[in-house]
Amino acid sequence: MIRRQFLARSLGAAVASLLTRGAFAQHAGHSMQGMEGMGSMDDMPGMAGMHHAMPSPQTPPQVSLAADDALPAGAPLPELRTLVNSSGEAGMFRATLIAAPRKHTLLAGRPTTFWQYNGAVTNSAEGPVTGPLIDVREGDTVEIRFVNRLPQPSTIHWHGLPVPPDQDGNPSSMVAPGATHVYRFTLPPGSAGTYWYHPHPHMMSAEQVFRGLAGPIIVRAADDPLAGFPERHLFFSDLKLAADGSIPANDMMDWMNGREGQFVLVNGARRPRIAVTEDERWRLWNACSARYLRFSLGAGQRFVQVGTDGGLLEKPREGLTELLLAPGERAEVIVRAGSAPSQAPLTADVYDRRKMAMPAGSLPPDPARVLADVAFQPQPAGEASDAMRAIPATLRTIVPLSAPVARKSVVFSEAMDMAAMHRSGASVHGMPAGMRFMINGASFDPKRVTLTSRRDAVEEWAIENRTDMDHPFHLHGTQFQVVGRERGGVITPEPLLAWRDTVNVQPGETVRIATVQRMTGDRMFHCHILEHEDLGMMGTLKVI
Ligand code: C2O
Ligand code: CU
Ligand code: CU
């Protein structure tokens with residue numbers, strides 16, 4: 001069933017009315033089609049008193065949000081803190097990551113309690129809210145002692161890395177509050193790239209991430225052809241902040257569309273300043289729970305994409321004026337300093353991901369927003385550095401995966417079950433019980449295996465989006481190659497040979513990927529809009 005009709009028919013009356021009282025107030029900037037003339041719920045037959053039965057966590061009292069400019073802007077981009085390697089052994093990276101509540105005062109006199117990863121780090125103890133950077137090399141064995149000082153169980157998932165399934169922070173491997181767990185894995189050759197880590201407990205990932213738990217990982221290759229470029233790290237996260245300084249729970253709209261706050265932070269700062277004096281290699285992380293980032297540098301300023309999630313492309317993509325990163329995705333780009341001083345706004349341009357409106361239709365896309373202000377101040381460069389900063393025509397060899405020996409189908413769908421939604425106390429972890437996001441017709445069940453694959457068997461997966469909004473597909477434990485996209489019978493082969501672990505799937509689209517798993521065990525795959533993941537748009541792949 002088309003979701004939009006479903007909403008119009010069954011969700012429209014009750015929930016739309018609720019939203020006018022609560023969550024809607026926070027989304028007042030968006031016009032909601034069909035809201036005009038709706039009476040209160042009590043005016044509707046059979047609806048009287050319904051709101052008293054609604055589980056309270058999903059309809060938090062109106063939260064007044066901090067103003068859009070309440071956080072200071074314009075400070076220099078904070079450097080990421082880097083996790084210190086406590087091991088003296090070659091090829092061994094050993095450190096402790098502690099997840100714990102931590103106060104930061106962003107609004108004067110109204111401190112905010114984040115949940116944050118901390119550990120021994122290279123720079124300031126009061127660094128950005130982003131978790132510390134784990135900077136390691138191919139071949140390294142990584143041993144992270146995770147100390148959970150949160151009030152909830154958690155896990156650490158190593159997004160994109162080919163780590164053994166039992167070390168990958170699956171929802172089935174929860175670390176209890178107060179407990180400690182050691183993760184250990186070795187980074188194989190060819191794994192150089194831009195990754196991240198975040199919690200993965202079922203039904204609590206969204207909250208743990210929106211309270212601040214996420215951090216970057218870089219895996220470096222010994223023979224990196226771009227090692228001559230100075231690097232800049234831009235870790236994008238989203239923050240919804242109440243006027244009293246607290247981080248509010250998700251409301252109905254957050255659960256439905258994925259949470260987007262009023263702030264987009266770069267390394268923990270709002271709209272920082274970046275001074276570019278020479279050509280730079282930027283690593284970009286979209287660590288937002290749900291926000292799509294369609295980057296541009298304003299006024300047609302061009303840049304070169306050199307990498308995706310799983311490291312360098314085979315060939316650089318020259319002359320880009322924009323680059324879309326769905327939640328969970330990363331990229332590497334080369335930004336040229338140019339020959340004369342200039343300014344450019346690093347912008348998230350309008351991207352319509354077809355967020356749902358109540359009771360029907362879609363919300364208009366968010367307006368463009370400046371994420372950072374870039375000042376190009378080119379310094380005269382010597383010949384030596386010019387040569388060093390040339391981008392090779394071939395960055396590395398990427399061998400296309402061989403012909404598939406098996407095929408798999410993954411279908412995204414949604415449904416809203418009004419009866420379940422209104423059952424008193426039906427909410428778990430503050431989630432609206434009746435809002436279902438599904439894979440292959442079912443919500444996630446930890447006891448069920450969704451798909452089974454053989455180790456080392458190349459497969460082609462067709463990921464089909466039968467909903468009316470975009471969903472970013474993510475598969476654990478491996479990097480895959482996008483083969484092509486199909487929409488309305490038209491097939492577009494993927495022009496780019498690249499390793500990815502996350503790919504956006506638009507409504508009505510089928511994305512085909514070639515993928516292979518190298519280790520036996522259970523792997524997760526899911527929508528990387530974390531609210532959708534928590535609401536069940538996740539499956540288990542059993543590799544045998
Ligand atoms: Cu970024 Cu299953 O995760
Ligand atoms: Cu992942
Ligand atoms: Cu989704």
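The values are calculated or read from the model by the stated rules, or taken from the named source; none is laboratory data. As the structure is a computational prediction, the values presented were derived from the model and not from experiment. No Cβ is skipped: glycine too gets one built from the backbone with ideal geometry, and neighbour counts run over all protein chains shown. To get the accessible areas, we keep the full protein, side chains included, count just its heavy atoms, and leave off ligands, DNA and RNA. Shrake-Rupley method; radii C 1.70, N 1.55, O 1.52, S 1.80 Å.
Taking square-rooted eigenvalues a ≥ b ≥ c of the alpha carbon gyration tensor, is segment 406-543 rounded, prolate or oblate, where a/c under 1.5 means rounded and, failing that, a/b exceeding b/c means prolate?
It is oblate, given that a/c is not under 1.5 and a/b is not larger than b/c.
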(message) Using 0.36 nm times the number of residues separating Ile491 and Glu322, minus their current alpha carbon distance, what extension gain do you get?
(response) 58.5 nm
(message) What distance in nm separates the two pseudo spin-label positions at Ser86 and Ser409, each 7 Å out from Cα along the beta-carbon direction?
(response) 5.1 nm
(request) Would you please classify the overall shape of segment 295-353 from the alpha carbon gyration tensor, given that a ≥ b ≥ c denote the square roots of the eigenvalues, rounded means a/c under 1.5, and beyond that prolate means a/b larger than b/c while oblate covers the rest? (result) oblate
(message) Please list, ordered by chain and number, the residues whose modelled amide H lies under 5 Å from the amide H of Met356; skip anything fewer than 5 residues away on the same chain.
(response) Leu363
(message) If R₀ is 51 angstrom, what is the calculated FRET efficiency for the pair Asp166 and Asp69, using the beta carbon separation as r and rounding to 0.05?
(response) 0.65
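When the chain is fully extended, how far beyond the present Cα-Cα distance does Val350 get from Met203, taking 0.36 nm per residue of separation? Don't skip to the end; give the middle numbers.
Working: separation 147, 0.36 × 147 = 52.92 nm, distance 2.98 nm.
My answer for the length gained is 49.9 nm.
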(request) Express in nm, to one decimal, how much length is gained between His104 and Arg220 on full extension, taking 0.36 nm for each residue of separation and deducting their alpha carbon distance. (result) 38.6 nm
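What's the ranking of 133-142, 437-446, 233-242, 175-184 by average number of surrounding C-beta atoms within 10 Å, highest first? Can you show the working numbers first?
Values: 133-142: 19.6, 437-446: 16.9, 233-242: 22.2, 175-184: 14.9.
Ranking the peptides 133-142, 437-446, 233-242, 175-184 by packing returns 233-242, 133-142, 437-446, 175-184.
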(request) Give the whole-number value, in cubic angstrom per residue, of the convex hull volume spanned by the C-alpha atoms of segment 226-343. (result) 129 Å³
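Keeping all protein chains in place and using 1.4 angstrom, which order do Lys103, Lys447 fall into by accessible surface area, from largest down?
On the way: Lys103 135, Lys447 180 Å².
Ranked from most to least accessible, the order is Lys447, Lys103.
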(request) Specify whether the C-alpha gyration tensor of segment 275-317 places it in the rounded, prolate or oblate class, a ≥ b ≥ c being the square roots of the eigenvalues: rounded for a/c under 1.5, otherwise prolate if a/b is larger than b/c and oblate if not. (result) oblate
(request) Could you tell me the accessible area of Ser342 in Å² (1.4 Å probe, neighbours in place), rounded to the nearest ten? (result) 50 Å²
(request) Kindly rank 205-218, 393-406, 74-87 from highest to lowest mean number of other beta carbons found within 10 Å of each residue. (result) 205-218, 74-87, 393-406
(request) Within segment 80-102, find all residues whose amide N lies under 12 Å from a label point positioned 7 Å from the Cα of Arg145 along Cα-to-beta-carbon. (result) 86-87, 94-98
(message) Using the Karplus curve 6.51 cos²θ - 1.76 cosθ + 1.60 with θ = phi - 60°, what ³J(HN,Hα) values do you get for each residue of segment 226-233, in whole Hz, with x for Gly and Pro?
(response) 10, 4, x, 7, x, 9, 10, 10
